[in-house]
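Written below as structure tokens is the structure these notes are about.
Derivation of every value follows stated rules applied to the coordinates shown; laboratory data play no part. If you're wondering where the values come from, they're calculated on a predicted model, not measured in any experiment. Virtual Cβ from ideal backbone geometry, glycine too; neighbours counted across all protein chains shown.
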Amino acid sequence: MKLKSNIWVFMLIAYGFSWLFWIPEALIAQDLWAAPEGIKNILALNLGAWGPLIGAILTTFIYQKGAGVKELLKRGFMVRLGKWWWVVLLAFPVLIGGSVALSTLFGNPVPDFEALAQPASLPIALIFIFFLGGPLQEEFGWRGYAFEHLRNKYDALTAAIIAGLMWGLWHLPLFFVPRAEDYYNRPMWGLLLTTILVGIILAWFYANTKGSIFAAMLGHTMFNWSNWVFPALKSDSAALILFGLYFIAVIYIIWQFGRKTLTKV
């Protein structure tokens, strides 16, 4: 059954909430606004990251009331993934780690694996990333709301591409703020292409786990964590190889599961 929804309202709330914090942060970073210390302290909390989650909950409540919100949140606790546990956990370490390995095999310098130098930090980082590094704040919005409702109007592949593009453009103000993440030290088109391709993979996880937002969050966690553990984006060659591996993965998904639903059902 097609539930009432409005992608434009979701985008307005998600982008509006996030950019309410990120645009002032960008103005400060570009020396266009001498903000008071109190404002800077608030911006340092990174509240803008919660925009997609807030957008998903509020838009769902507007159109589906409390019952819809309850169902949305329930899908964040769908942890029975069966064999998909292994697919979700291993896909990004294999793709991102593989790009670094292939780059090295082709004669490029071996990058510094700073994260691996402190192995005790690896599981701690995984938990931190899940709750505060993007997945929880974003996946209820991009896959749980945007992809979920877009696929009522378009085939699943098109819905995943649109949701991935929305995901990428949402980051725009952060390109004007100094950040540690390697994504923002490279051209904007690289992030957009990444969010589209990775968005298809995350939508594939989501579609094949009966709409489990938890699966999308876990996949997003493994994506961020793997980029931290295997610094592919610090190397031009590894980054290009990684794009190639993403394309191969997406082509395989479309070939094996079809663009209509991204599932075999």
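Each Cα pair of the range 70-137 feeds into the Kirkwood radius, which the Stokes-Einstein equation turns, at 20 °C and 1.002 mPa s, into a diffusion coefficient of 144 µm²/s. Shape summary: the chain maps onto an equivalent ellipsoid whose semi-axes, from the alpha-carbon gyration tensor, are 28, 26, 17 Å in decreasing order. Of the chymotrypsin sites (Phe, Trp or Tyr not before Pro) found in the range 40-115, those that fall in a DSSP loop while having at most 13 other beta-carbon atoms within 10 Å are Phe106, Phe113. The HN-Hα couplings worked out from phi for the range 97-103 by the Karplus form 6.51 cos²θ - 1.76 cosθ + 1.60 (θ = phi - 60°) are x, x, 5, 5, 4, 5, 4 Hz, whole numbers, x standing for Gly and Pro. Exposed loop sites here are GluC sites (Glu not before Pro) in DSSP loop states with at most 16 other C-beta atoms within 10 Å. What is the longest stretch of the chain lacking them? Between the exposed loop sites, the longest stretch runs 1-113.
Which of Ala159, Ala115, Ala56 moves most in a GNM of the chain, Cα contacts under 10 Å? Taking springs between Cα atoms under 10 Å, the residue moving most is Ala115. Where nothing but the Cβ of Lys and Arg (+1) and of Asp and Glu (-1) is charged, how large is the charge dipole of the chain around its Cα centre, in debye to the nearest 20? In total the dipole reaches around 1340 debye.
Measuring max minus min along each principal axis, the C-alpha atoms of the range 219-265 give extents of 38, 22, 10 Å (largest first). Under a Gaussian network description of the chain, with springs only between Cα atoms under 10 Å, the residue in Gln30, Gln137, Gln118 that fluctuates furthest is Gln118. Students often get this wrong, so check it: of Lys65/Lys153; Lys74/Lys153; Lys74/Lys264; Lys210/Lys260, which have C-alpha atoms separated by over 20 Å? In this structure, Lys65/Lys153; Lys74/Lys153; Lys74/Lys264 lie more than 20 Å apart at Cα. With 0.36 nm allotted per residue and the present C-alpha distance subtracted, the Lys210-Tyr154 stretch has 18.4 nm of extension available. Within the listed set Gly38, Gly219, Gly190, the Gaussian network model of the chain (springs between alpha-carbon atoms below 10 Å) gives the highest mean-square fluctuation for Gly38.
Placing a label point 7 Å from the Cα of Asn46 along the Cα-to-Cβ direction, none of the residues of the range 197-227 has a backbone N under 11 Å of that point. Look at where the Cα atoms of the range 98-166 and of the range 39-80 average out, and the two centres are 19 Å apart.
Close amide H pairs (under 5 Å, H built 1.01 Å from N) link Met78 with Ile213, Phe214, residues at least 5 positions away or on another chain. The 3J(HN,Hα) values that the Karplus relation (6.51, -1.76, 1.60; θ = phi - 60°) gives for the range 22-37 are, in residue order, 6, 5, x, 4, 5, 4, 5, 5, 8, 6, 9, 8, 8, 6, x, 4 Hz. Gly and Pro appear as x.
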